[in-house]
Amino acid sequence: MSRISTLFAALEQQGKKALIPYVTAGDPNPSVTVDMMHALVKSGADIIELGVPFSDPMADGPTIQLACERALEHNTSLRDVLAMVAEFRKTDDKTPLVLMGYLNPVEAMGYEPFAQAANQAGVDGVLMVDMPPEESGENAQVFADNGLDIIYLIAPTTTNERIAEIAKFSSGYVYYVSIKGVTGSASLDVADVEQNLVRIRERVNVPVGVGFGIKDGATAAAVAKVADGVIVGSALVNKIAENATQPEKAITEVTSVLSEMRSAMDA
């Protein structure tokens, strides 16, 4: 079993749900990221989604677009991100790590070299926003052959037929995008999320994490009642943006938000 599968199995036995924070690697600067990752774990993170900076993050709203810009100002590359993962793994070999981003940097590096390097660094899964299952082809097999779980996105508008197709390729978990739109937009309707999770679970055999619209402990707790995992990104990245020139304060602010969510979810 992968770290991700092992984690979800353990949480199920404990009657708990996964808390999955997202931060962009290199934001506000590369020297902060590994310390941020360790702080996230101490604050209750079960899995970390680590964003790979990209110049055209088309699925993301202004918050994460600006995070990518801040990271790219420091020339944070895919190889830099893998080095951060390797550094993190020196003292944490348990917390699952998922790289989230876009295909262009992976294509530039090469799928096989990337998959091998990611595996060696200690990456557990990949979520490539612009790699739908019907276009994954050999690339998905390369990831799987190198021990990387492949996480796909499911939206409110995704048809049942397409969910079934996604299920054929998914491992680790699937990421349900709870809101129509880009990251950081609109408000969350938990009743609607619950209805959609029913039809998703009828067709997939991996846990379902829910992201978009989770801003505080109350929304995290509400989603945790219906989902297997709670994914939070923009609420954390906003705190980093507000304290970009004070990295230590950024870490403190981010972990405060995450700790509140962890406590609310477990209550």
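Simple spin-label estimate for Lys168 and Met1 gives 2.7 nm between the two label positions (7 Å along the Cα-to-Cβ direction from each Cα). Annotation: lysines with alpha-carbon distance below 22 angstrom to Lys225 (same-chain offsets under eight excluded): Lys16, Lys17, Lys180, Lys215. Just how many % of Cα pairs in the range 133-257 lie over 22 Å apart, if you round to the nearest whole percent? Summing the P(r) of the range 133-257 above 22 Å gives 44 percent of all pairs. A full extension of the chain between His74 and Thr91 corresponds to an added length of 3.6 nm, given 0.36 nm per residue minus the alpha carbon distance. Highest mean first, the peptides 69-76, 117-124 sorted by other C-beta atoms within 10 Å per residue fall in the order 117-124, 69-76. Rounded to the nearest Hz, the phi-derived 3J(HN,Hα) couplings of the range 89-96 under the Karplus curve 6.51 cos²θ - 1.76 cosθ + 1.60 (θ = phi - 60°) are 5, 4, 10, 9, 10, 10, 5, x, where x marks glycine and proline. Measuring nothing but alpha carbons in the range 1-126 and taking Rh as the Kirkwood radius, the Rg to Rh ratio lands at 0.96.
Taking amide H atoms as placed 1.01 Å from N in the peptide plane, list the residues 5 or more away in sequence, or in a different chain, whose amide H sits under 5 Å from that of Gly51. The answer is Val23, Thr24, Ala25, Met100. Using θ = phi - 60° in the Karplus curve 6.51 cos²θ - 1.76 cosθ + 1.60, the 3J(HN,Hα) couplings for the range 41-56 round to 5, 5, 8, x, 5, 9, 9, 10, 9, 10, x, 8, x, 9, 6, 9 Hz; x is entered for Gly and Pro. Each label point was placed 7 Å from the Cα along the Cα-to-Cβ direction; for Gln246 and Glu138 their separation is 5.2 nm.
Any read-out appearing in this document is the output of simple, stated calculations on the displayed coordinates, not a laboratory observation. Note that the coordinates shown come from a computational prediction; the quantities given were computed from them, not determined experimentally. Please note: Cβ atoms are built from the backbone with ideal geometry, for glycine as well, and neighbour counts cover all protein chains shown.
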